[in-house]
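*Asks:* Attaching a single structure in structure tokens format; questions to follow.
Nothing in this text is a laboratory measurement; each read-out follows from the coordinates by a stated rule. For clarity, every value in this text was computed on a predicted model and none was experimentally measured. Note that we place each Cβ from the backbone using ideal geometry, even for glycine, and neighbour counts take in every protein chain shown.
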Amino acid sequence: MTAGLDQEIGRLYRTESGRILATLIRLLGDFDVAEEALQDAFGVALEQWAREGVPANPRTWLVSTGRNRAIDRMRRDARFVSRVEEIDAGALTADAGADAFENESGIEDDRLRLIFTCCHPAIAPESQVALTLRTICGLTTEEIARSFLVPVSTMAQRLVRATGKIRAARIPYRIPPSSELPERIDAALAVVYLVFTEGYAATSGDALIRRELCGEAIRLGRLLVELMPSVSETSGLLALMLLHDARRDARITPEGELVLLEDQDRTRWNRSQIDEGTRLVEASLRSTRVGPYAIQAAIAALHAKAVSATDTDWRQIAALYALLLERAPSPVVELNHAVAVAMVDGPERGLLLLDALGARGVLRDYHLLAAARANLLRRLGKTDAAIRAYEEALGLATLEPERRFLERRITELRLHDSDRAPARS
């Protein structure tokens with residue numbers, strides 16, 4: 001196999017495996033069977049494409065191959081004979097890889113219906129999130145367990161229970177009718193944002209940004225706005241994602257190093273996305289009850305509006321975080337509120353809030369709490385304490401660009417401290 005083919009198959013897996021899996025789940029009716037079929041399809045591609053070349057429509061080829069391999073396996077197992085007949089009755093159309101589904105709204109998309117399947121009320125909330133990370137984001141069980149701070153065995157059991165519940169309860173693989181949307185829309189919004197955040201700030205690995213996940217989440221967000229245009233939080237979520245994603249190209253150097261918001265080249269921000277996001281924020285804020293996504297989008301819009309870091313309206317941002325704490329309290333929101341307060345009232349006040357949060361132990365393993373403390377200690381000139389806090393953050397961080405950033409901060413502080421040390425006679 002040539003290096004070029006290896007790269008192409010790797011690219012297809014990163015960008016298309018989620019859509020292929022969603023279609024295979026629809027066609028095969030079983031999460032585990034579909035995941036095995038996906039792996040089979042890429043395994044066959046490695047061998048066959050080396051001999052015959054990449055087909056004109058790789059996604060269609062992979063869906064068709066995965067489906068056929070799964071059917072062959074089922075035919076060898078008597079337990080699946082009736083299931084094979086069902087699958088054959090719903091054979092693929094000419095475009096085997098299409099996201100072929102239409103609900104009463106006229107929206108067609110296999111991945112959106114997969115999200116609503118994962119978000120069925122019969123599935124436990126923590127399992128909804130885990131199943132979405134597995135099927136939509138393509139994270140491994142080990143990566144999901146790390147993000148939940150639970151043992152791998154615990155997470156594996158959750159995933160097995162979730163897929164088993166879908167199978168046993170015969171949960172329909174569809175976008176629900178309008179009468180059922182209200183009870184599932186909050187969970188659907190949450191998992192779409194989860195897809196985006198995993199792309200915007202990956203939980204582990206070598207790359208800070210997974211662009212394909214950001215783009216997919218924004219696409220799904222647009223479909224949710226189309227599906228439920230009267231729900232202001234759908235617009236709020238889409239605005240939030242657009243405004244964050246607008247800064248994407250300025251967040252990393254060409255070498256893949258992390259660039260803090262205050263140091264970013266704002267001329268590289270995507271102004272068309274900022275304009276669209278700002279319009280959506282304004283529409284969401286006119287709602288009778290402003291939701292958490294709209295509040296977060298308003299914060300992002302204030303950052304996007306600032307011509308430079310010094311022009312940022314931190315007082316209004318701190319007030320919005322205080323409002324967010326009322327509407328959707330969480331330790332991470334408390335952390336962000338403390339950082340905003342530090343920008344308004346000084347690092348001492350922010351540090352008091354962070355220390356109070358840390359004393360409760362709720363973010364004990366969250367590297368950004370330690371990193372935020374380190375930054376405030378650095379601003380206060382408490383170099384030794386800042387170094388210790390940065391070292392704590394480094395011990396918790398799993399994303400390589402963040403780890404390299406923290407290592408640079410530690411090195412800078414140590415050099416600065418050695419420069420200030422009095423010379424020995």
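*Asks:* Taking one equal scatterer on every alpha-carbon of the stretch 329-425, how large is log10 of I(q)/I(0) by Debye at q = 0.16, 0.18 1/Å?
*Replies:* Taken in order of the listed q values, log10 I(q)/I(0) reads -0.67, -0.82.
*Asks:* Given N residues in the chain, what is its alpha carbon radius of gyration divided by 2.2 N^0.38 Å?
*Replies:* Dividing the Cα Rg of the chain by 2.2 N^0.38 Å gives 1.09.
*Asks:* Can you figure out the FRET efficiency of Ala3 with Leu46, using R₀ = 22 Å and their beta-carbon distance, to the nearest 0.05?
*Replies:* With R0 = 22 Å, the Cβ-Cβ based efficiency is 0.95.
*Asks:* Now for a different question. Pull out the extension gain between Ala56 and Arg408, defined as 0.36 nm times the separation in residues minus the alpha carbon to alpha carbon distance; nm, one decimal.
*Replies:* Computed gain between Ala56 and Arg408 is 122.1 nm.
*Asks:* Another question about this same structure. Could you list Thr197, Thr234 so that the one with the fewest beta carbons within 10 Å of its beta carbon is first and the one with the most is last?
*Replies:* The most exposed by this proxy come first: Thr197, Thr234.
*Asks:* Set Lys and Arg Cβ to +1 and Asp and Glu Cβ to -1, take the dipole of the stretch 365-419 about its Cα centre, and tell me which of Leu377, Thr411, Ala397 lies farthest positive.
*Replies:* It is Leu377, whose Cα lies furthest towards the positive end.
*Asks:* Using the count of nearby Cβ atoms within 10 Å as a rough guide to exposure, how do Asp365, Asp245 rank from fewest to most? Before the final figure, lay out the partial values.
*Replies:* On the way: Asp365 12, Asp245 24.
So the ranking, lowest neighbour count to highest, is Asp365, Asp245.
*Asks:* Give the residues of the stretch 331-347 whose amide nitrogen is closer than 19 Å to a point set 7 Å from the Cα of Arg379 in the direction of its Cβ.
*Replies:* 332-347
*Asks:* If I model a spin label as a point 7 Å beyond the Cα along the Cα-Cβ vector, how far apart are those points for Gln316 and Ile171 in nm?
*Replies:* Going by the 7 Å Cα→Cβ label model, 4.1 nm.
*Asks:* Averaged across orientations, what area in nm² does the convex hull of the alpha carbons in the stretch 3-89 project?
*Replies:* That works out to 5.7 nm², a quarter of the Cα hull's surface.
*Asks:* Next question. Say each of Ala306 and Ile252 gets a label point 7 Å from the Cα, pointing the same way as Cα to Cβ; how far apart are those two points in nm?
*Replies:* 2.4 nm
*Asks:* Compute the separation of the alpha-carbon centres of the stretch 358-389 and the stretch 243-258 and state it in Å as a whole number.
*Replies:* 24 Å
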